[in-house]
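The values are calculated or read from the model by the stated rules, or taken from the named source; none is laboratory data. Please read all numbers here as calculations on a predicted model, not as lab measurements. Glycine also receives a Cβ, built like all others from the backbone with ideal geometry; neighbour counts cover every protein chain displayed.
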Amino acid sequence: TTFLAGIHKKNQMSCADCHGKSLAVDDSETVLNKKCVECHGTFASLASKKKEHINPHKSHLGEVNCTTCHKGHTASKAYCNYCHSFGMKIPAMGSVEQSNSKKWIQETAPKKSDTAKTVTERADIVVIGAGGAGYVASITAHDAGAKVILLEKMPITGGNSMLAAGGINAAATRIQKERGIQDDPAEMVKETMKGGREKNDLELVKILSYRSSDAVDFLVSLGADMSDLVRSGGVHADRTHRPVGGAAVGPHLVKVYRENAAKRNIDVRVNSEVVKILTDKNGRVTGVQVKGKHRGLYTIKAKAVIDTAGGFAANNDLVGFYKPQFKETASSNQPGATGEGVVLAEKIGAKVIDMEQIQIHPTMGGETKVLVSETVRGSGAILVNHAGKRFVNELTTRDKASAAIFAQPEKTAFLVLGEDIRKSNVQIDGYIELGLVQESDSIEGLATKMGVPAATLAATIASYNKAYDAKNDPEFKRQDIPRKIAGPKYYSIWVKPGRHHTMGGVKINTEGQVISTNGTPVVGLYAAGEVTGGVHGWNRLGGNAITDTVVFGRIAGASAAKFVK
Ligand code: MEZ
């Protein structure tokens, strides 16, 4: 009686008042959530009532199901608590417990799966995982005439794309040309290969680069704003496209994807975990077995399956298996990034490559799971050690920047920036809201807060500003210094490297087909995004992940649609 269902019952409500008259079993909890909104109001109206500093109804996750956090028959639990230490309590059986990824998945898994009736449905194409690649593949396949079902094991869609802060790398775009920025897909190939330590699949990198400009046009055609540009590490031009003001790219794109899928009536199901990819006796893909939160096990027969289930940087055990030294590092990933998509494909013969290549992002916010975007450095911030000195080119590749931080005695560092840099990147205001930023009216004041020698920090900033004026950074050879570090306010963020991206995964060819261990395509199986290996080699460049999801999501969607025809 203490859970939400009990409270509703005490208020004379029946089961049908929330679940609808038919009491239909629905893993996405659509009817239930519609009822929540009817009685309690929309996200926007609830957000406007709250005066708290951190407003759960105004989150970067967008308008997710109410039942993501509010539970009728078990204790409610704030999803935000997985990543943030807000200690958010939910009225009526709220929990403040921090979760780890495994635990979250157990809670969303069905209890009666083994006893559930087996039902069979049909689709042309099933897409596994509703992150960026999954949405793009689904929209593309749908627009090519295929009947698509998009399945997501988590209670919300968006995957890691939802958390993407930076932007999408694309070369020779209309937007770059309008700003007079010289860029070339051939340069993008070269820099992506160099960043990946030449271990990338060159043919995939060429596709990534030469189709990147089209990918941005595609996003704009869906309604996305990609009008701002910034530079990411390891590249020579402002190639990272993002929404105006430097807003985080992920929440914006996922909102656009959700709207486009809804407009097309694409069947998107949350709380729906694929537990097996089905094949016939010749190894051709015939569909999937799904474990729905309420429905239990059921089958969807399909002529093709697209695996876009993402990477595994949130899976401690898997990371520990491939890279024991990274097991205890914090992860910037959403809790569902646990790698089942790789295992599902491997079980039906897919070749898996580069699994030990796990990217460590240099700047996670102190002890948190919050990623402080590379675009903060791209906007002009410097990295300073505990002695108050720069120690690395801030726009080098992530592997090198992380290694340079790990080489410091404290294994942590600070981002230091001034007022203009803060104003140029709206995400910094978000870090201020989250309490990650220290600020002061003077360099001396900031140095005291950081616990670094004031005279050294002042000399570091003066020398960086001199490099800005001279357009030459003799000590660290940073190529792009877009802004000086100047007051009236100075800011610092304490940062620590953390797990961010898994470069390995299933091998694909240029058509997005999954390649088997014997070197031929697994018939009917396609893949795109972080579940695949090969595109990024041994180190991914910042901004290339969204390009990967869009370019290869489109390829997988189009190839699968052509195949089912
Ligand atoms: O591509 C990324 O991972 C990226 C740009 C992240 C970030 O630091 O913002």
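Some notes on this structure:
- Matching entry among T338, T368, T363 (being within 16 Å of the ligand (Cβ to nearest atom), in a loop (DSSP other than H, G, I, E, B) and β-branched (V, I, T)): T368
- Restricting V384, V392 to residues that are β-branched (V, I, T) and more than 16 Å from the ligand (Cβ to nearest atom) narrows the list to V384.
- Enumeration of residues in segment 474-512 that are under 30 Å from A556 (Cα atoms) and either over 27 Å from the mean Cα position of the chain (by Cα) or surrounded by fewer than 23 Cβ atoms within 10 Å (Cβ to Cβ) (or both): N509, T510, E511
- Strands (runs of 3 or more DSSP E) within segment 420-533 that include 2 or more residues touching a residue at least 24 places away in the same chain (Cβ under 8 Å) and more than 28 Å from K276 (Cβ to Cβ): 437-440, 490-502
- Residue match in segment 323-331 (condition: crowded, with 19+ Cβ neighbours inside 10 Å, out of contact with any Lys or Arg (no Cβ under 6 Å at 6 or more places or on another chain) and at pLDDT 95 or above): no
- Taken together, E475, E511 contain a single residue that is away from the ligand (no atom under 16 Å from the Cβ), under 22 Å from A141 (Cβ atoms) and among the charged types (D, E, K, R), which is E511.
- Boolean, S95 is outside any helix (DSSP H, G or I), small (G, A, S), modelled with pLDDT under 80 and more than 23 Å from the chain's Cα centre (by Cα): yes
- Of the residues making up segment 235-247, just one is in a loop (DSSP other than H, G, I, E, B) and at pLDDT below 95, namely A247.
- Filter result for I175 (of a type in the set (A, V, I, L, M, F, W, C), part of a helix (DSSP H, G or I), surrounded by fewer than 24 Cβ atoms within 10 Å (Cβ to Cβ) and at pLDDT 95 or above): yes
- Residues of segment 534-565 that are outside any helix (DSSP H, G or I) and more than 16 Å from the ligand (Cβ to nearest atom): G534, K565.
- Top-ranked residue of segment 395-408 - restricted to ones that are in a loop (DSSP other than H, G, I, E, B) and within 13 Å of the ligand (Cβ to nearest atom), ranked as farthest from the chain's Cα centre (by Cα): L395
- Among the residues of segment 69-88, the ones that are under 18 Å from the mean Cα position of the chain (by Cα), surrounded by fewer than 20 Cβ atoms within 10 Å (Cβ to Cβ) and either of a type outside the set (F, W, Y) or under 18 Å from E29 (Cα atoms) (or both) come to 2 in all.
- The numbered conditions (1) farther than 30 Å from K153 by Cα; (2) out of contact with any Asp or Glu (no Cβ under 6 Å at 6 or more places or on another chain); (3) at pLDDT 95 or above; (4) within 16 Å of the ligand (Cβ to nearest atom) are all true for S227 except (4).
- Enumeration of residues in segment 31-43 that are closer than 28 Å to E273 by Cα and either of a type in the set (D, E, K, R) or surrounded by 14 or more Cβ atoms within 10 Å (Cβ to Cβ) (or both): V31, L32, N33, K34, K35, C36, V37, F43
- Any hit, segment 148-161, residues being within 15 Å of the ligand (Cβ to nearest atom) and either within 13 Å of N544 (Cα to Cα) or out of contact with any Asp or Glu (no Cβ under 9 Å at 6 or more places or on another chain) (or both): yes
- Condition met for V254 (at negative phi, not in a strand (DSSP E or B) and not hydroxyl-bearing (S, T, Y)): yes
- Scope segment 341-358; condition in a loop (DSSP other than H, G, I, E, B) and of a type outside the set (G, A, S); matching residues: I348, K351, D354, M355, E356, Q357
- Looking at G145, G166, just one residue is within 16 Å of the ligand (Cβ to nearest atom) and either part of a loop (DSSP other than H, G, I, E, B) or out of contact with any Leu (no Cβ under 7 Å at 6 or more places or on another chain) (or both), and that residue is G166.
- In segment 238-267, the residue that is surrounded by the most Cβ atoms within 10 Å (Cβ to Cβ) out of those that are free of Cβ contacts under 8 Å to residues at least 40 places away in the same chain and away from the ligand (no atom under 16 Å from the Cβ) is V256.
- Of all residues making up segment 268-287, the number that are crowded, with 17+ Cβ neighbours inside 10 Å and not in a strand (DSSP E or B): 2
- Filter result (within 12 Å of the ligand (Cβ to nearest atom) and part of a loop (DSSP other than H, G, I, E, B)) within segment 371-380: V372, S373, S379
- Scanning segment 1-29 for residues that are surrounded by fewer than 14 Cβ atoms within 10 Å (Cβ to Cβ) and of a type in the set (S, T, Y) returns T1, T2, S14, S22.
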